[in-house]
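> Shown below is the structure under consideration.
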Amino acid sequence: METKIIKINPQNPEDDLIEEAVKILKSNELVAFPTETVYGLGAAGLSKQAVEKIFIAKNRPQDNPLILHVCSVEMVEEIAENISPDAKKLMDAFWPGPLTIIFKRKPIVPDVITAGLDTVAIRMPDNKIALKLIEKLGMPIAAPSANTSGKPSPTCAKDVYEDMYGKIPLIIDGGDARVGLESTVVDLSNDTAMILRPGGITIDDLKKYFEKVELDPALKEGKEILKPRAPGQKYRHYAPKAELILFSYSSDMTSRLKETYDKLTKENKKVGILTVDENIDKYDAEIILSLGTVKDLETIAHNLFKYIRQIDNLGVDVILCEGVLEEGIGLAIMNRLKKSSGGNIA
Ligand code: TXA
Ligand code: MG
């Protein structure tokens with residue numbers, strides 16, 4: 001299959017180009033498109049035949065449910081049962097934006113979306129191209145991140161092309177994704193708000209609206225045996241081709257990293273380092289990238305997947321990556337890095 005890339009203006013999406021993409025979605029084919037978090041691999045969300053193609057293009061396990069993307073609250077009412085006052089509060093506060101909410105599903109939602117669960121994940125993306133596509137299609141768009149399953153999520157059209165070339169007819173290039181990490185997934189079905197996947201909206205953001213915000217126990221380290229409530233959390237994710245070793249954040253982090261670097265280069269390994277502005281001068285390495293300053297974790301989040309792909313594409317054997325403090329969006333950054341490393345934490 002030939003894969004076409006079209007540029008669409010993210011501030012003021014061109015009608016004729018959106019129409020071209022909608023036509024493809026209506027014929028049950030896939031379109032990759034930008035959102036504010038990462039690029040999505042979109043299909044007409046109420047068409048079983050279209051949604052099945054997502055699993056094939058990504059090589060995604062069938063038991064991992066998908067998010068439906070909406071452009072209005074009316075659209076939520078078409079697919080979700082009993083929208084609680086708490087859910088309304090969150091929708092008001094954070095939509096459009098990087099928050100996915102779990103609802104009881106209506107029967108109109110195909111089983112292939114929910115992987116057999118009686119709930120459906122919904123979010124309204126903060127991106128004009130995405131919103132216009134959904135509106136013109138007239139139904140929710142089902143979209144996981146537009147990467148091959150297991151690889152880092154794509155934050156620009158070029159990253160999507162790397163994974164989806166020859167597998168889908170169209171990629172919309174709407175520039176860099178602003179957040180760079182996926183949405184926060186929150187479940188309100190028990191009395192508290194429970195975070196199933198940390199992301200663009202932080203615990204502190206949610207605490208403004210709930211007395212108590214909990215983390216799914218499966219997110220905590222050493223609890224791999226627990227069954228996560230977001231099925232996707234159990235898979236190896238975001239993995240580069242190279243081995244990635246994550247260095248936990250501490251005062252001796254840079255000296256521990258340096259030691260490992262020296263040892264590996266002596267073994268003739270090609271090693272790359274992912275560091276921060278504050279530490280970049282502490283290393284004497286040829287392949288080294290700074291993700292940004294520790295004073296601005298949003299920028300580090302924005303650069304994370306992009307730079308992992310970039311350093312990986314230099315053909316390194318091992319990537320040594322510094323950890324950050326697990327506060328604010330740092331929790332989401334460390335969640336992704338722990339998975340990228342496959343548990344290889346030094
Ligand atoms: O930012 C995002 O959320 C991006 C953009 C494209 O919107 N999408 C995304 O989708 O990250 P995906 O498929 O890569 O991740 C969806 C996550 C998975 O961990 C999945 O298990 C969880 O949401 N999920 C989906 N439906 C669920 C449900 N009914 N109950 C619990 N978790 C669910
Ligand atoms: Mg994903």
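Readers should treat all values here as calculations from the given coordinates under stated rules, not as data from a laboratory. As the structure is a computational prediction, the values presented were derived from the model and not from experiment. Please note: Cβ atoms are built from the backbone with ideal geometry, for glycine as well, and neighbour counts cover all protein chains shown.
> What is the Rg over Rh value, at two decimals, for region 218-346, using alpha-carbon atoms and the Kirkwood definition of Rh?
Radius of gyration relative to Kirkwood radius: 0.96.
> Helix 253-266 versus the longest principal axis of the chain: what is the Cα-based angle in degrees, 0 to 90, to the nearest 10?
70 degrees
> Can you give me the three principal axis dimensions of region 107-216 from its C-alpha atoms, in Å, biggest first?
The Cα atoms of region 107-216 stretch 46, 33, 29 Å along their principal axes.
> Given the peptides 10-19, 106-115, arrange them by the average over their residues of other C-beta atoms within 10 Å, most packed first.
Descending packing order for the listed peptides: 106-115, 10-19.
> Further question on the same structure: Please turn the phi angles of region 90-97 into ³J(HN,Hα) values with the Karplus equation 6.51 cos²θ - 1.76 cosθ + 1.60 (θ = phi - 60°), one per residue in order, whole Hz, x for glycine and proline.
For region 90-97, the Karplus curve yields 5, 4, 4, 6, 10, 9, x, x Hz.
> Further, regarding this structure: Could you give the spread of the C-alpha atoms of region 207-279 along their three principal axes, from largest to smallest, in whole angstroms?
Rounded to whole Å, the extents work out to 50, 28, 19 Å.
> If I fit a long axis through the Cα atoms of helix 128-137 and take the longest principal axis of the Cα atoms of the chain, what angle between them do I get, 0 to 90°, rounded to 10?
Approximately 30 degrees, to the nearest 10.
> Relative to the longest principal axis of the chain, what angle (0 to 90°, nearest 10) does the C-alpha long axis of helix 330-340 take?
Long axis of 330-340 versus the principal axis of the chain: about 80 degrees.
> Sticking with this structure for a sec: Rounded, prolate or oblate: which fits region 263-320 when a ≥ b ≥ c are the square roots of the eigenvalues of the alpha-carbon gyration tensor, with rounded for a/c under 1.5 and prolate only if a/b beats b/c?
The shape class here is oblate.
> In the chain, once you exclude exposed trypsin sites (Lys or Arg not before Pro) (DSSP loop, at most 15 other Cβ within 10 angstrom), what's the longest stretch remaining?
Value returned for the longest uninterrupted segment is 1-207.
> With n ≥ 4 as the cut-off for DSSP H runs, can you work out [θ] at 222 nm for the chain, using -39500 (n - 2.57) per run divided by the number of residues, rounded to the nearest 500?
-9000 deg cm²/dmol
> Distance cut-off 21 Å, Cα to Cα: go down the list Lys23/Lys106; Lys158/Lys295; Lys23/Lys53; Lys4/Lys26; Lys58/Lys306 and report the pairs above it.
Over 21 Å Cα-Cα: Lys23/Lys106; Lys158/Lys295.
> Given an 8 Å cut-off on Cα distances and at least 6 residues of separation, report the relative contact order of the chain as a percent.
Computed value for the chain: 19 percent relative contact order.
> Amide H to amide H, which residues 5 or more places from Ile67 or on other chains are under 5 Å from it, using H placed in the peptide plane?
Hits under the 5 Å cutoff: Ala143.
> For q values of 0.07, 0.10, 0.11, 0.15 Å⁻¹, compute log₁₀ I(q)/I(0) with the Debye formula on a Cα-only model of the chain, without solvent.
-0.29, -0.59, -0.71, -1.27
> So, one more: Can you work out ³J(HN,Hα) from phi for every residue in region 7-22, in order, using Karplus 6.51 cos²θ - 1.76 cosθ + 1.60 and θ = phi - 60°, giving whole Hz and x for Gly and Pro?
Result, ordered by residue: 8, 10, 5, x, 7, 8, x, 5, 4, 5, 6, 4, 4, 4, 5, 5 Hz.
> Further question on the same structure: Got a sec to turn the phi values of region 203-212 into Karplus ³J(HN,Hα) couplings, 6.51 cos²θ - 1.76 cosθ + 1.60 with θ = phi - 60°, whole Hz, x for Gly and Pro?
Each residue's phi maps through the Karplus curve to give 4, 5, 4, 6, 5, 5, 10, 9, 5, 10 Hz.
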